[in-house]
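*Asks:* Before anything else, here's the structure in question.
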């Protein structure tokens with residue numbers, strides 16, 4: 001099935017290319033071309049079209065944080081005393097390297113962050129000495145992830 005909006009048309013060949021790149025972003029254009037049965041130049045042009053449309057951008061290497069000793073993943077809901085403090089709080093959170101995601105949310109929290117720490121003591125130190133000392137943070141709510149069970153891209 002093809003996908004079309006005002007800016008982009010994705011056909012079956014594009015979906016195969018995207019699937020190959022999602023499974024291994026370093027896969028060579030020639031290998032993808034051989035699998036599909038088209039030229040490397042055609043694959044290259046299609047990838048450029050997908051990049052130009054904004055559907056894909058760059059590629060990334062995924063670091064295994066466990067090997068680096070970061071074995072505790074946590075999600076922290078941050079309550080701000082005033083919504084206007086969001087900008088300053090986020091700028092402070094950007095300076096904490098262990099904060100790997102930050103989301104502006106609806107509901108009780110103002111901000112939800114995903115954090116990697118070496119262990120529970122490291123997490124507690126980050127909470128007490130960094131996050132809870134940010135001006136405007138009134139309190140936090142922490143959830144420790146026991147295991148990430150799903151990690152994937154949206155299906156094409």
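*Asks:* Among the residues of region 1-15, count how many are surrounded by 12 or more Cβ atoms within 10 Å (Cβ to Cβ) and under 16 Å from residue 154 (Cβ atoms).
*Replies:* Summing the residues that are surrounded by 12 or more Cβ atoms within 10 Å (Cβ to Cβ) and under 16 Å from residue 154 (Cβ atoms) in region 1-15 gives 5.
*Asks:* Separate question: Residue 56 - would you say it is within 14 Å of the chain's Cα centre (by Cα) and within 21 Å of residue 12 (Cβ to Cβ)? Step through it out loud before you land on a result.
*Replies:* Values: within 14 Å of the chain's Cα centre (by Cα): yes; within 21 Å of residue 12 (Cβ to Cβ): yes.
Against the criterion (within 14 Å of the chain's Cα centre (by Cα) and within 21 Å of residue 12 (Cβ to Cβ)), residue 56 qualifies.
*Asks:* Which of the residues spanning region 16-42 are closer than 17 Å to residue 156 by Cα and surrounded by 11 or more Cβ atoms within 10 Å (Cβ to Cβ)?
*Replies:* Once the filter is applied, which keeps residues that are closer than 17 Å to residue 156 by Cα and surrounded by 11 or more Cβ atoms within 10 Å (Cβ to Cβ), region 16-42 yields 16, 17, 18, 19, 20, 21, 22, 24, 25, 32, 36.
*Asks:* Under 9 Å between Cβ atoms, at least 6 apart or on separate chains: pull out the pairs that start in region 132-156 with a residue that is without any contact (Cβ under 8 Å) to a residue 24 or more places away in the chain and end on any residue that is part of a helix (DSSP H, G or I).
*Replies:* From residues that are without any contact (Cβ under 8 Å) to a residue 24 or more places away in the chain, the pairs are 133/92; 152/22.
*Asks:* State whether one or more residues within region 105-115 are assigned to a loop (DSSP other than H, G, I, E, B), surrounded by fewer than 11 Cβ atoms within 10 Å (Cβ to Cβ) and at pLDDT 95 or above.
*Replies:* Scanning region 105-115, I find no residue that is assigned to a loop (DSSP other than H, G, I, E, B), surrounded by fewer than 11 Cβ atoms within 10 Å (Cβ to Cβ) and at pLDDT 95 or above, so the answer is no.
*Asks:* Further question: When residues of region 86-102 are filtered for being surrounded by 13 or more Cβ atoms within 10 Å (Cβ to Cβ) and assigned to a strand (DSSP E or B), how many remain?
*Replies:* Summing the residues that are surrounded by 13 or more Cβ atoms within 10 Å (Cβ to Cβ) and assigned to a strand (DSSP E or B) in region 86-102 gives 3.
*Asks:* Name, by its number, the condition in (1) part of a strand (DSSP E or B); (2) free of Cβ contacts under 8 Å to residues at least 60 places away in the same chain; (3) surrounded by 13 or more Cβ atoms within 10 Å (Cβ to Cβ) that does not hold for residue 126.
*Replies:* (1)
*Asks:* Scan region 57-85 residue by residue and report those that are touching a strand residue (DSSP E or B) at 6+ places or on another chain (Cβ under 6 Å), outside any strand (DSSP E or B) and either closer than 19 Å to residue 128 by Cα or assigned by TED's automatic domain parsing to the domain that holds residue 138 (or both).
*Replies:* 70, 81
*Asks:* Separate question: What are the residues in region 12-44 that are outside any helix (DSSP H, G or I) and more than 26 Å from the chain's Cα centre (by Cα), if any? So that I can check it myself, show each step before the final result.
*Replies:* Step one: list which residues in region 12-44 are outside any helix (DSSP H, G or I), which gives 24-28, 37-39.
Those that are outside any helix (DSSP H, G or I) and more than 26 Å from the chain's Cα centre (by Cα): 37, 38, 39.
*Asks:* Out of region 90-114, which residues are within 17 Å of residue 129 (Cβ to Cβ) and touching a helix residue (DSSP H, G or I) at 6+ places or on another chain (Cβ under 9 Å)?
*Replies:* 92, 93, 96, 98, 99, 113
The values are calculated or read from the model by the stated rules, or taken from the named source; none is laboratory data. Owing to the predicted nature of the structure, the values given are computational and were not obtained by experimental measurement. Cβ atoms come from the backbone with ideal geometry, glycine included; neighbour counts cover every protein chain shown.
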